[in-house]
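Worksheet: one structure, shown below.
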6 protein chains.
Amino acid sequence: MTTGLYVGRFQPFHLGHLEAIRHLLGQVDELVIVVGSAQHSHTVENPFTAGERITMIRRALQEANISPEKYVIVPLPDWDIHKVWVAHLLSQTPAFQVAYTNEPLTGRLLKEAGIKVEHIPFYHRDKFTATEVRRRLLAGENWEELVPKSVAKYLRQIGGDERMREISQSDKLA
Amino acid sequence: MTTGLYVGRFQPFHLGHLEAIRHLLGQVDELVIVVGSAQHSHTVENPFTAGERITMIRRALQEANISPEKYVIVPLPDWDIHKVWVAHLLSQTPAFQVAYTNEPLTGRLLKEAGIKVEHIPFYHRDKFTATEVRRRLLAGENWEELVPKSVAKYLRQIGGDERMREISQSDKLA
Amino acid sequence: MTTGLYVGRFQPFHLGHLEAIRHLLGQVDELVIVVGSAQHSHTVENPFTAGERITMIRRALQEANISPEKYVIVPLPDWDIHKVWVAHLLSQTPAFQVAYTNEPLTGRLLKEAGIKVEHIPFYHRDKFTATEVRRRLLAGENWEELVPKSVAKYLRQIGGDERMREISQSDKLA
Amino acid sequence: MTTGLYVGRFQPFHLGHLEAIRHLLGQVDELVIVVGSAQHSHTVENPFTAGERITMIRRALQEANISPEKYVIVPLPDWDIHKVWVAHLLSQTPAFQVAYTNEPLTGRLLKEAGIKVEHIPFYHRDKFTATEVRRRLLAGENWEELVPKSVAKYLRQIGGDERMREISQSDKLA
Amino acid sequence: MTTGLYVGRFQPFHLGHLEAIRHLLGQVDELVIVVGSAQHSHTVENPFTAGERITMIRRALQEANISPEKYVIVPLPDWDIHKVWVAHLLSQTPAFQVAYTNEPLTGRLLKEAGIKVEHIPFYHRDKFTATEVRRRLLAGENWEELVPKSVAKYLRQIGGDERMREISQSDKLA
Amino acid sequence: MTTGLYVGRFQPFHLGHLEAIRHLLGQVDELVIVVGSAQHSHTVENPFTAGERITMIRRALQEANISPEKYVIVPLPDWDIHKVWVAHLLSQTPAFQVAYTNEPLTGRLLKEAGIKVEHIPFYHRDKFTATEVRRRLLAGENWEELVPKSVAKYLRQIGGDERMREISQSDKLA
C-alpha cells in the first residue's frame, strides 16, 4: 500500500482541492492531508481555524463519496525555522512514500530531507484558487460556485463572509 | 448529530482506550479523538511520535470494525499556559457538544471554558494502563496482551521495545 | 461596580487616549487598561517599551486628576495565534463586564469569546493618533501639542525623538 | 522620589506579603510590584491566574489603606533563559532604583545586571508562607487567618479551595 | 588583550566582510564574529543556514591567512523582543570590550546596555553588499567576483544559485 | 578530510572532556564541538552560560596545544521536541560525517536521522564527570584537580564557586 502526502492551507477548501485529491487517490492508496499554517485564523490570508478547515475537508469528501478510509487529516503549524518544519511534519504524520506539492520551497525542503516529491496537475488554476474565493467572499460576489456545496453551506453557517469583512477592516498585521 | 471530544496521550494505544471509544460511540454519533502532548516523543513518558500514535489508533479502530466516518483524530501539543490550552484545543478541533475525560485538571479547564464534561467508565483499570504497557515493553514482559493485535504488530515493526530501552538509559530529562 | 476593559498600544499615549479614558470612566466605575504589543519596543511602529508606556499612562492620568483607584494597567504581549490571545488576555486581567475597542478584529475575537464589546467615540481622530505623534517625533515637528504635558516631559527626558530617528534608519524589519 | 521593585508570585497574597509592602513603603516612595510566573495557573504550585493575583493585591492594599498612588502592579512571565529574564523585567517595568528580594537566584541575576538589591525582613516566616496557605486550602484547615480579609473573601468567591483539590488530583505535571 | 564583537548576517560572506574583519583585527586582538538571524535559511533574504555561513567564514579567513586563534564564531537567532536580544547575545558570547556595527538599531540596543560601540569603515559599499551578491546569484550574473574564491567554490558546491531561484518562486512569506 | 561531531554540555569543561577531544582528533581531521543546552545558565545543573563555556573550551584547548584549525565550537539550545532537535543541529553546524556521543537518546535521534554514531572511550569516568566538579565546587572541596589549569583560573576569575552556592540556595526550579 502506498501513502501520499498532500500539503495545503485550505483557506477555504475549494473545487480545485477536491479535484487534486481525486487525482492523487488515483496515484496512491491513501492520502495524509496536512492542514498547514494550522495556528493561524482570523487574518485576511488565513480566515478560518484549523478545526473549521478540517470540518470543510471532511464534509466535502463525504459529499464527493470519498471514503474516510482513504485519507487522514493532520493540522500542522508553521515554523519560523524552515529546516525544522520538515522534521516536525515527519513527527506529526503517519508514514508516507511520496509528497505532492506545487509550492517550490515546500518541495525543496522535502527533497533536502530525502523525500520523493511530485507535482499536482492544476484544475482550472485561473479560476479555482483560495485567493479568488476569499476575494469574492469579501466583495460579496459569487463565491459559492468555487467550492463544494457542503463547504458553501458550512461557510454560510459560520458567517464566513461577515468574518472576512470584519477582518479586512482591521489594521492589525496579518 | 452529537459529537464528543475524547482526549488522551495514547502512549501507546491499548485495549482500555479501545473499550472507552466503543463505549463513547454508544453515547455520541462521532468522536473527535485528541492526541495530546503531540510535540513529545522519545521520552520514557512519551515514547511515540504523534504520527505513530495516529497510526496506532487508525489500525486499532479498523481492526475493531469501527468506521472512520465515526471519528476524526487531531494531534494537539501541550501548552505551558493551562488557560490557553483550551482556547487552542477549540481552534484546532471540529465543533463538539460534550467532552469526555477522567483527568481532573483537563476536566476543570474545559468546564471553566463552558464545556460540558463527562466521565469515562474504566475498563479493568488495574490492568489496562499505558504506564503498565510501557513498563512491560521496558521489562521485556508480555505487553502484547494489553494492546490490540494491530498495535502489537505495529510496535514490533517500529522497534518499540528497543526504543523504550534506549530512552530509559538516557540521563536527559523527560 | 462595573469594570471596563480598554485595549491600546499607546505608542505613545496622547490626548485622544486621555479623552477616551475620561469618557469611559463616565460609563464604568473602573477600567482595566491593557497595554498591548507589550513585548515590542525600538521599532518604528512600537518605539517604546511596555514599562515606558505604563509610566506615560500613570503620569498623564495623575496630571488629569484621575484617581489610580479608577484604573489598573496590565501589559499584554501579542500572540501569533489570534484565538489564543483572548484566552491569555482573560488570564492576565482582573474580571471585567464590558470591553471597549474600535479595532474590528479585537472586537470580533472578544465577541466570539462571549464578551460584550462597545465602541469608543473618537476625539478629533484626524489629529490625535499615535501614528501622527510618531511622524512628528521623527520629522522634528510640533508633537508636544498632541500629548499631555507630563508625557511630553517624559518623552524629552528619555530622548524619544532621538530614538525614533535612530530606529527609522535601521534596515532591520519592524 | 525613589522607586523600589518587589518581586513575588503571590500564590496567594498573604499577610506576610502585606507586611513586606508596608515595610518597603517606609524605605521608598513607591513600589513596582511584579507578579512573577504570570503565565502559570491551575497548578499545585501556581493555582491562581495573574489576573486573580492582581485582584488580590489591589483588594488587600485597599483594605490596608495603602494608596494606589504608592504602587503599580506588573505581571511578568518566567523565562527558560535566566539571563534574559532580567532584560525582559527591565523592559516591562517603570524605572526603579532598588530591588527587594530574598530569593538568592533572583538577587544574583539582578546584581549581575548592575541593579542594587536589598533583603526584606520576614514577618513570622514560620507561619506566613504561600506554601502553608496552599497546604491549608487543600487540607481544609484554617487558611483564612493567614490572608487579609478581602483576600479570604475573594478566594471563597472564586472557589479557591475546590480548585486546589481538583488540581491536586491531576496527574498532569505542574 | 582586547576582544571586539562583530555582528553580521553573512548572507553570504563577501569581500566587504573580509575587509571589515581585516580592519577590525588591526584594532583589537581577537574578534567574536556573531552570525545573526541564525535560525533563518531558505528565504530570499536569508538563503543560507547558520552552519553554511560558519563554513563560509572559516574557509574565507583560512584563504586570507587569518589565524583561527584571532576569532571565534557564534551563531545567534533573532528575537522578537529587541531589548532581550542584547541580553541573549551577552549570554552566548565570550566577553568583549567593544562592539562594531553600522546598523543603527543594533548600535542603539548595545549602547543602551552599556556597551561601547564603534563604526566599521565601508569597503566599496556601492559594490560589496550581500544584497547585490544575492541579486546576482538569482539573475545568473557574475557574483563570483564579489566573494572570496573559497566562498565561490563552496556556494557552487551546495548549489547556492539553484536554491536562490527555487526560493524566489515560492509564495511563502520570507 | 573527515569532520566529527562531539556534543556535550561542558558544565564545566573538565579533563575527561579534554581526553575525549584528544582521542577524537586521532580519529577525524577536525571536530565540530556542540555546546548543548546553550540557553541555560545559573541553575544547579547548568551553572555557566554558553559564552562562558565557549571561553573554557578555547582556553583549555589552547593550553593543550590543540590548534584552533582543528575544531569549531557551536552553541545549541535544547528543544522541547526531540525529533526536531536533530534538524536544528544540522542547520546550525558545518557538515560532518560521524557523530560521537555516549548519551543513548542523543545517539538514537542522530541514528534515526541517518547519521553514523560512534561511542567515546571514557577517561576515568568514576572521577572526571561534570557532576562531580559541580559537587566539589558547591562543597568547597578540591575541584581544581578535575579541570585544566586554564579552566580553574577562569572559574576562579568569574566566581564559579560563589555562583554555585547562591544558585543552590534558590527555590526556583532548575
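Quickly run through the range A:92-107 and pick out the residues that are part of a loop (DSSP other than H, G, I, E, B), within 7 Å of another protein chain (Cβ to nearest Cβ) and modelled with pLDDT under 90.
A:Glu103
For the condition away from chain B (no Cβ under 14 Å), assigned to a loop (DSSP other than H, G, I, E, B) and of a type in the set (Asp, Glu), what is the one hit in C:Glu19, C:Glu45, C:Glu69?
Matching residue, one of C:Glu19, C:Glu45, C:Glu69: C:Glu45.
Mind telling me which of the residues A:Val84, A:Val117, A:Val74 ends up being free of Cβ contacts under 8 Å to residues at least 40 places away in the same chain and either more than 7 Å from every other protein chain (Cβ to nearest Cβ) or within 30 Å of C:Arg108 (Cβ to Cβ) (or both)?
Only one candidate qualifies: A:Val117.
Could you list, in sequence order, all residues of the range A:51-66 that are basic (Lys, Arg) and more than 7 Å from every other protein chain (Cβ to nearest Cβ)?
If the condition is that a residue be basic (Lys, Arg) and more than 7 Å from every other protein chain (Cβ to nearest Cβ), then A:Arg53, A:Arg59 are the ones that fit.
Can you pull out every residue in the range F:1-16 that is without any contact (Cβ under 8 Å) to a residue 60 or more places away in the chain and in a loop (DSSP other than H, G, I, E, B)?
Within the range F:1-16, just F:Met1 meets the criteria.
Of all the residues that make up the range C:36-50, how many are under 12 Å from the mean Cα position of the chain (by Cα) and closer than 19 Å to C:Ala152 by Cβ?
The number of residues fulfilling the criteria is 2.
Only one residue in D:Leu89, D:Leu110, D:Leu137 is assigned to a helix (DSSP H, G or I), within 14 Å of chain E (Cβ to nearest Cβ), out of contact with any His (no Cβ under 9 Å at 6 or more places or on another chain) and under 27 Å from C:Pro94 (Cβ atoms), so which one is that?
When all the criteria are applied, what remains is D:Leu89.
Within the range A:23-39, is even one residue farther than 27 Å from A:Thr2 by Cα, touching a helix residue (DSSP H, G or I) at 6+ places or on another chain (Cβ under 8 Å) and crowded, with 20+ Cβ neighbours inside 10 Å?
Within the range A:23-39, one or more residues are farther than 27 Å from A:Thr2 by Cα, touching a helix residue (DSSP H, G or I) at 6+ places or on another chain (Cβ under 8 Å) and crowded, with 20+ Cβ neighbours inside 10 Å.
Answer with yes or no whether F:Glu145 is in a helix (DSSP H, G or I), among the acidic types (Asp, Glu), over 19 Å from the mean Cα position of the chain (by Cα) and on the phi < 0 side of the Ramachandran plot.
no
Quick test for you: out of F:Leu109, F:Leu89, F:Leu105, pick the one residue that is farther than 19 Å from E:Arg58 by Cα and in contact (Cβ under 8 Å) with a residue 24 or more places away in the chain.
F:Leu109
Hey, could you check the range E:56-72 for residues that are crowded, with 23+ Cβ neighbours inside 10 Å and touching a helix residue (DSSP H, G or I) at 6+ places or on another chain (Cβ under 6 Å) and say which is nearest to E:His40 (Cα to Cα)?
Going through the qualifying residues, I end up with E:Met56.
Of all residues in the range C:72-86 being in a strand (DSSP E or B) and of a type in the set (A, V, I, L, M), which is nearest to B:Ser91 (Cα to Cα)?
Ranking the qualifying residues of the range C:72-86, first place goes to C:Val74.
Which condition from (1) free of Cβ contacts under 8 Å to residues at least 24 places away in the same chain; (2) within 30 Å of B:Ile115 (Cα to Cα) is the one that C:Gln157 breaks?
(2)
Return the total of residues in the range A:153-162 being surrounded by 13 or more Cβ atoms within 10 Å (Cβ to Cβ) and either more than 13 Å from A:Gln11 (Cα to Cα) or among the aromatic types (Phe, Trp, Tyr) (or both).
3
Condition first: within 13 Å of chain F (Cβ to nearest Cβ) and touching a Ser or Thr at 6+ places or on another chain (Cβ under 6 Å). Now tell me which residues in the range E:22-42 satisfy that.
E:Glu30, E:Val32, E:Ser41
For the range D:58-77, enumerate the residues that are out of contact with any strand residue (DSSP E or B) (no Cβ under 6 Å at 6 or more places or on another chain) and closer than 23 Å to C:Gly36 by Cα.
Correct list: D:Arg58, D:Pro68, D:Glu69, D:Pro77.
Taking C:Glu112, is it in contact with a strand residue (DSSP E or B) (Cβ under 8 Å, 6 or more places away or on another chain), surrounded by 13 or more Cβ atoms within 10 Å (Cβ to Cβ) and farther than 23 Å from C:Thr55 by Cα?
No: the conditions fail for C:Glu112.
Just checking, how many residues over the range D:123-134 are out of contact with any Gly (no Cβ under 9 Å at 6 or more places or on another chain), part of a loop (DSSP other than H, G, I, E, B) and in contact (Cβ under 8 Å) with a residue 12 or more places away in the chain?
Of the residues in the range D:123-134, 0 are out of contact with any Gly (no Cβ under 9 Å at 6 or more places or on another chain), part of a loop (DSSP other than H, G, I, E, B) and in contact (Cβ under 8 Å) with a residue 12 or more places away in the chain.
Before we move on, is E:Ile167 over 30 Å from D:Leu110 (Cα atoms), more than 19 Å from the chain's Cα centre (by Cα) and of a type in the set (Val, Ile, Thr)?
yes
Is it the case that the range C:16-35 has a residue that's within 28 Å of A:Thr49 (Cα to Cα) and under 13 Å from the mean Cα position of the chain (by Cα)?
There is at least one residue in the range C:16-35 that is within 28 Å of A:Thr49 (Cα to Cα) and under 13 Å from the mean Cα position of the chain (by Cα).
In the range A:93-108, is there at least one residue being surrounded by 20 or more Cβ atoms within 10 Å (Cβ to Cβ) and closer than 24 Å to C:Lys83 by Cα?
Within the range A:93-108, not a single residue is surrounded by 20 or more Cβ atoms within 10 Å (Cβ to Cβ) and closer than 24 Å to C:Lys83 by Cα.
The values are calculated or read from the model by the stated rules, or taken from the named source; none is laboratory data. All values derive from a computational prediction rather than experimental measurement. Note: ideal-geometry Cβ built from the backbone for every residue, glycine included; neighbour counts use all protein chains shown.
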